[in-house]
Amino acid sequence: MKNTWKIYMLTLISFVVGTSQFVIVGTLDKVAASVDVSVETAGQLITVFALGNAIGTPLVMVATSKMDQRKQLLLALAIILLGVIGVITLPGFGLLMVSRVLLGVGTGVFVVTAYGIAAKLAAPGRQGGAMANVALGYSSSLVFGVPLGRMIASSYDWKGIFWGIGLFSLLAIFAVARTIPVMEGEASVSLGKRLALLKNPRVALTLGVTFFVFISYSMLNTYITPFLTAVMPTMKGKLSIILLAMGIASLIGSKVGGLLADRIGIVARWSAPWLSTSSR
């Protein structure tokens, strides 16, 4: 029970970290105008974030495998804070891209480490719930962080939300340093062993499906704000409400998916020659 509030603290920090990732979607047109590039070009800010997240995270985790998890979490928050400072202060689109890469790396390291710490802080048998709380904080940023960012961008400047993210990231560093105990890091797994999983046809197929699902999702989500502005110009002042509705729908979809997985299972009721039991 004494660690419950620490888990909720990680949940709140996860919301802030998630907002640093998703908020750019709701303000893409504003960002493009401020750095004098097209909306299409500004969309690459989301691409480089994803690349930093996918490539940088495992590299940093392997490089810091001997570091205790509290230090890993502090490192992640420091990288995020550095990225936020870059977004706010550095001029030009190129440096903005670099800042987004830093945010991608920091976010990935934070999420992985926060899951591990939450599980260790939880009471026996409640590790899954603790990790779910961290996930809830992260996904809630899509529901509330994106429309909040749009509202601030419409009333003031799109960098205003990053000032808030930077402030809370700084507070999070102090909070983690004061409250999270030293925890031994997880055993290091080399990149070779991680990539070796792709030899399993089941794993490769699952990752392939996930890859294409997120391609289709990202294509729509990245440019949803300029798209809605173009097709519904009279609703321009209400985009934050639309984004909020989309976020709530995403949250409901995730919950329904979890309930269906519990009821009917997650294993497909079909088989294929390349997915024989021998490949397990």
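Brief remarks on what is shown
- Scan of segment 146-171 for residues that are at pLDDT below 85, small (G, A, S) and buried (at least 24 other Cβ atoms within 10 Å of the Cβ), ordered by number: G149, A153
- When segment 136-155 is filtered for residues that are free of Cβ contacts under 8 Å to residues at least 12 places away in the same chain and under 27 Å from A177 (Cβ atoms), nothing remains.
- Screening segment 224-248 for residues that are within 18 Å of the chain's Cα centre (by Cα) and open to solvent by 30 Å² or more (accessible area, probe 1.4 Å) and picking the one that is modelled with the highest pLDDT gives I248.
- Residues of segment 123-135 that are open to solvent by 20 Å² or more (accessible area, probe 1.4 Å), on the phi < 0 side of the Ramachandran plot and among the small types (G, A, S): A123, G128, G129, A132, A135.
- Any helices (runs of 4 or more DSSP H) falling wholly within segment 1-120 and containing at least 3 residues that are open to solvent by less than 50 Å² (accessible area, probe 1.4 Å): 4-26, 28-34, 44-51, 57-63, 69-89
- Meets criteria (polar (S, T, N, Q), loosely packed, with under 11 Cβ neighbours inside 10 Å and either within 26 Å of G128 (Cα to Cα) or at pLDDT 70 or above (or both)) for S278: no
The values are calculated or read from the model by the stated rules, or taken from the named source; none is laboratory data. Computed from a prediction, not measured in an experiment: that's the story for all the values here. FYI the Cβ positions are ideal-geometry reconstructions off the backbone, even for glycines, and counts take in every protein chain you see. Calculation scope for accessible area: heavy atoms of the full protein, side chains included, ligands and nucleic acids excluded. Shrake-Rupley method; radii C 1.70, N 1.55, O 1.52, S 1.80 Å.
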